1. Would you mention how many residues in the stretch 129-154 are more than 18 Å from residue 94 (Cβ to Cβ) and touching a residue at least 40 places away in the same chain (Cβ under 8 Å)?
2. Filter the stretch 26-43 down to residues that are over 29 Å from the mean Cα position of the chain (by Cα) and outside any strand (DSSP E or B), then give me how many there are.
3. Using the structure shown, decide if residue 164 is touching a Lys or Arg at 6+ places or on another chain (Cβ under 9 Å), assigned to a helix (DSSP H, G or I) and crowded, with 16+ Cβ neighbours inside 10 Å.
4. Please go through (1) of a type in the set (A, V, I, L, M, F, W, C); (2) over 21 Å from residue 161 (Cβ atoms); (3) part of a strand (DSSP E or B); (4) assigned by TED's automatic domain parsing to the domain that holds residue 175 for residue 131 and return the number of the only condition it doesn't satisfy.
5. Of the residues 46, 89, which is assigned to a strand (DSSP E or B), touching a residue at least 40 places away in the same chain (Cβ under 8 Å) and either buried (at least 23 other Cβ atoms within 10 Å of the Cβ) or under 17 Å from the mean Cα position of the chain (by Cα) (or both)?
6. Go through 38, 18, 47 for me and flag whichever is closer than 18 Å to residue 117 by Cβ and either modelled with pLDDT of 95 or more or assigned by TED's automatic domain parsing to the domain that holds residue 122 (or both).
7. What residue, among those in the stretch 62-80 that are touching a Leu at 6+ places or on another chain (Cβ under 7 Å) and part of a strand (DSSP E or B), is nearest to residue 11 (Cα to Cα)?
8. Select, from 62, 67, 90, 29, the only residue that is under 23 Å from residue 127 (Cβ atoms) and basic (Lys, Arg).
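The values are calculated or read from the model by the stated rules, or taken from the named source; none is laboratory data. Values in this document were obtained by computation on a predicted structure and should not be read as measured data. We place every Cβ from the backbone using ideal geometry, glycine too, and count neighbours over all the protein chains shown.
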Amino acid sequence: MFQLRSIKHCKACGSPTVYSVPADDSLERATCTACGTVHYENPLNVVGTLPVWNDQVLLCRRNIEPRYGLWTLPAGFMELSETTEEGAVRETTEEAGARVELQGLYSLLNVVHVSQVHFFYRARLLDTDFAPGPETIETRLFSEADVPWDELAFRTVRETLKHYFADRRRGQYELLCADIR
């Protein structure tokens, strides 16, 4: 199992850490050489929405790295003290200036190689009054035929969009849970 080893110093006292398996554990953890504090590294949560207006989805063209200039769903890292739903709405407002009504969790994708979990909520756009935020070059509605499939920034976005358009054709929306390795 791949494990990050990014903690070099104790967050409690500043002393160096070493990676070892603490008592009553089964994985190596960063452990302080001075005070013994054990530091845990956990996956990051990415939260966002799949905003829909009639038969179109709202995409954002990225104004930041990674994947500058490519298209994505409005999403970003979840903040402390917020729910996945609150984070998804916040990111949609920040990146697309869009007002949405959430319609339930739609895709949960484990991106194992970067230790992330991506949560996308299906969302109904409340209006078409949206505009790019600082991290976005352009926001635009796309029908399935017009989605820039070769210019999508992330595989999680591609998988979520493919799943959505297939579900829309069936008239039934089901939660997508998958691992991306």
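1. Looking only at the stretch 129-154, we keep the residues that are more than 18 Å from residue 94 (Cβ to Cβ), and these are 141-152.
Checking which are touching a residue at least 40 places away in the same chain (Cβ under 8 Å) leaves us with 141-144, 147-148, 151-152.
Residues in the stretch 129-154 being more than 18 Å from residue 94 (Cβ to Cβ) and touching a residue at least 40 places away in the same chain (Cβ under 8 Å): 8 in total.
2. Summing the residues that are over 29 Å from the mean Cα position of the chain (by Cα) and outside any strand (DSSP E or B) in the stretch 26-43 gives 5.
3. On the way: touching a Lys or Arg at 6+ places or on another chain (Cβ under 9 Å): yes; assigned to a helix (DSSP H, G or I): yes; crowded, with 16+ Cβ neighbours inside 10 Å: yes.
So residue 164 fits the description; yes.
4. Result: residue 131 passes all but (3).
5. Unique residue meeting the criteria: 46.
6. 47
7. Checked the stretch 62-80; the qualifying residue nearest to residue 11 (Cα to Cα) is 77.
8. Details: 62 fails: under 23 Å from residue 127 (Cβ atoms); 67 fails: under 23 Å from residue 127 (Cβ atoms); 29 fails: under 23 Å from residue 127 (Cβ atoms).
After ruling out the rest, the residue left standing is 90.
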